[in-house]
1. I want to check the label-to-label distance for residue 93 and residue 69. Put each point 7 Å from Cα in the C-beta direction and report it in nm to one decimal.
2. Measure off, as a whole percent, the carbon and sulfur share of the 1.4 Å-probe accessible area of the chain, all protein chains present.
3. Could you work out which residue, out of 25, 77, 65, moves most in a Gaussian network model of the chain, that is, has the largest mean-square fluctuation with Cα springs under 10 Å?
4. If each of residue 58 and residue 77 carries a label point 7 Å out from its Cα toward its Cβ, how far apart are those two points in nm?
5. Using Cα-Cα distances under 8 Å and only pairs 6 or more residues apart, what relative contact order does the chain have, in percent?
6. Provide the per residue accessible area, probe 1.4 Å, for the chain, rounded to a whole number of square angstrom.
7. What order do 30, 85 take when sorted by accessible area (1.4 Å probe), most exposed first?
8. Where in the range 20-64 does the label zone of residue 84 land, with the point 7 angstrom along Cα→C-beta and an amide N cut-off under 16 Å?
Amino acid sequence: WDWNFAYSPKYNFFKSHRTKGGIIEYNIDVKEGLIKKINFTGDFFSTKGTKDIEDALTNSAHNKERIRKALKPFKIEEHFKNVEVDEFINAMF
């Protein structure tokens, strides 16, 4: 991971993903392989909002294992209605 990502250039990742619960737009700023800023927008429904998820993912490595670990304490369904955690994570790549 260090060789492939930690020394990589800064980049911005943007993706729009349609789910059963609506469209989620992922806007992620990555520097040295770490998520420095992340924001979710779209027409999805949420009972708890997205700030807690955004905060948990900030400074996490932009890889599936680290993201899954950061999301473990959360019930994704409360933040993104009708979205499964695997679908949510896969859309970030």
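The values are calculated or read from the model by the stated rules, or taken from the named source; none is laboratory data. These numbers were taken from a predicted model, which means no experiment stands behind them. FYI the Cβ positions are ideal-geometry reconstructions off the backbone, even for glycines, and counts take in every protein chain you see. Accessible surface is based on the protein model in full, side chains and every heavy atom, while ligands, DNA and RNA are left aside. Shrake-Rupley method; radii C 1.70, N 1.55, O 1.52, S 1.80 Å.
1. Rounded to a tenth, the inter-label distance reads 1.5 nm.
2. Heavy-atom surface of the chain belonging to carbon and sulfur, 1.4 Å probe: 51 percent.
3. Fluctuation is largest for 65.
4. Reported label-point gap for residue 58 and residue 77 is 2.9 nm.
5. Normalised by residue count, the contact order of the chain is 24 percent.
6. 64
7. 85, 30
8. Label zone hits: 20-22.
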